[in-house]
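Data first, discussion second: the structure below is written as structure tokens.
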Amino acid sequence: MRAGFTLIEVLVAFTILALGLVLIQETFSGSTRSRVKAQDRAEAQALASSLMALAGAVYREPGTFSGEDANGRAWRLESKRLERPEGPALALPLFELEVNVATVSWGGQPSELSLKTVKIVDPP
């Protein structure tokens with residue numbers, strides 16, 4: 001009887017090893033993709049929050065404003081004055097603000113982050 005492995009045993013072992021390595025690589029790739037996606041979303045959230053904060057100081061009139069940040073993310077801020085149908089008039093105007101930030105994720109898939117709020121804006 002000879003010592004050692006047959007060719008079939010070696011091929012089966014290499015196949016199992018290759019499948020294991022592919023699974024490990026996919027796991028690392030998936031976690032990297034998730035990390036990049038989360039980072040992109042956090043940056044878009046920070047941009048949208050900054051635009052909301054600026055809305056009271058810079059964008060004091062109703063309208064649509066848009067632009068791009070330093071990373072090429074397109075943003076759009078819509079500002080609408082809210083009117084109260086009944087009751088006393090408000091001393092300061094109320095505005096409904098909506099910010100949309102367009103992002104492109106890991107695989108080139110476009111996505112959009114939207115924030116909406118109502119804010120008291122000092123008159124100009």
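The values are calculated or read from the model by the stated rules, or taken from the named source; none is laboratory data. Source: prediction; values computed, not measured. The area values use the complete protein model at the heavy-atom level, side chains included, leaving out ligands, DNA and RNA. Shrake-Rupley method; radii C 1.70, N 1.55, O 1.52, S 1.80 Å.
Would you mind working out the accessible area per residue for the chain, using a 1.4 Å probe, and quoting it in Å²? Before the final figure, lay out the partial values.
On the way: 9010 Å² over 124 residues.
Value returned for the chain: 73 Å² of accessible area per residue.
For the chain, which whole percent of the accessible surface, found with a 1.4 angstrom probe, sits on carbon and sulfur atoms? Mind dumping the intermediate values first?
Values: 5530 of 9010 Å².
It is 61 percent, rounded to a whole number.
Using Cα pairs under 8 angstrom and six or more residues apart, how large is the relative contact order of the chain, in percent?
Result for the chain is 23 percent.
How far is helix 7-55 tilted off the main Cα axis of the chain, in degrees rounded to 10, range 0 to 90?
With both axes taken from Cα atoms, the answer is about 10 degrees.
Springs between alpha-carbon pairs under 10 angstrom, Gaussian network model over the chain: which of Leu11, Leu47, Leu77 fluctuates most?
Ranking Leu11, Leu47, Leu77 by mean-square fluctuation puts Leu11 first.
Solvent-accessible area of Val104, probe 1.4 Å, all protein chains present, reported in Å² to the nearest ten, please.
Counting only protein heavy atoms, Val104 exposes about 100 Å² to solvent.
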